[in-house]
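For reference, the structure discussed in these notes is given below.
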Amino acid sequence: MRGVTDNARVDVETCASVEIPTPIGPLGVVVTARGVLAVGLGGLTSAEQAARSLNGLVPGSLPGPVERVRGELGEYFEGMRQAFTVPIDWRLSSGYALEVRRMLAETVAYGDTISYSGLARLVRDEDVEGRDGAARAVGRAMATNPVPLLVPCHRVLAADGSLHGFGGGLEMKRRLLALEGAVPATLF
């Protein structure tokens, strides 16, 4: 009797990786034909590690998508871009985390901030595990965000307005918020 795996087919899809130097340090970016799959705040290693969790991705060349994300990130750091238009490949997000990340990307604009509990209220989650539990659930979704900057988890603050948690560290979060004018540049 033939096993299921004998007939199993894995679709192969090209992904491209690039490391982009920025004022906050190198960003690793993995793109597919669908969009940006992962952004690594410390460089390429973390972005590629996130991409490895998907079966069927093979390294290749995608010059159009790579140059588009490189250009938009460059414009952002030069203060010439306030919204990203590159598509996001959402396959590394699912369930509640996907809902929270989409809400953040769609509602919290450049230069604005929101609290963890405020974001929970936007996704109508204030009653799940109580208010503090909902804020913690949003925090978990932000902590595992595979596309930081594009999904601007740096704009999410503690209820008292203080900086709390960020994959690239609080100094990086502070610098991103200062770039956007959300906090005074003198704080770093």
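The values are calculated or read from the model by the stated rules, or taken from the named source; none is laboratory data. Just so it is clear, the structure is predicted and the values come from calculations on it, not from any experiment. Note: ideal-geometry Cβ built from the backbone for every residue, glycine included; neighbour counts use all protein chains shown.
What pairs can you find where one residue is in region 84-105 and without any contact (Cβ under 8 Å) to a residue 12 or more places away in the chain and of a type in the set (Gly, Ala, Ser), the other is crowded, with 17+ Cβ neighbours inside 10 Å and part of a helix (DSSP H, G or I), and their Cβ atoms are less than 6 Å apart, with a gap of 6+ or different chains?
The qualifying pairs do not exist here.
Among the residues of region 125-170, which ones are touching a Leu at 6+ places or on another chain (Cβ under 7 Å) and at pLDDT below 90?
Correct list: Leu163, His164, Gly167, Gly168.
Any idea how many residues of region 22-50 are in contact with a strand residue (DSSP E or B) (Cβ under 8 Å, 6 or more places away or on another chain) and not in a helix (DSSP H, G or I)?
Number satisfying all stated conditions: 17.
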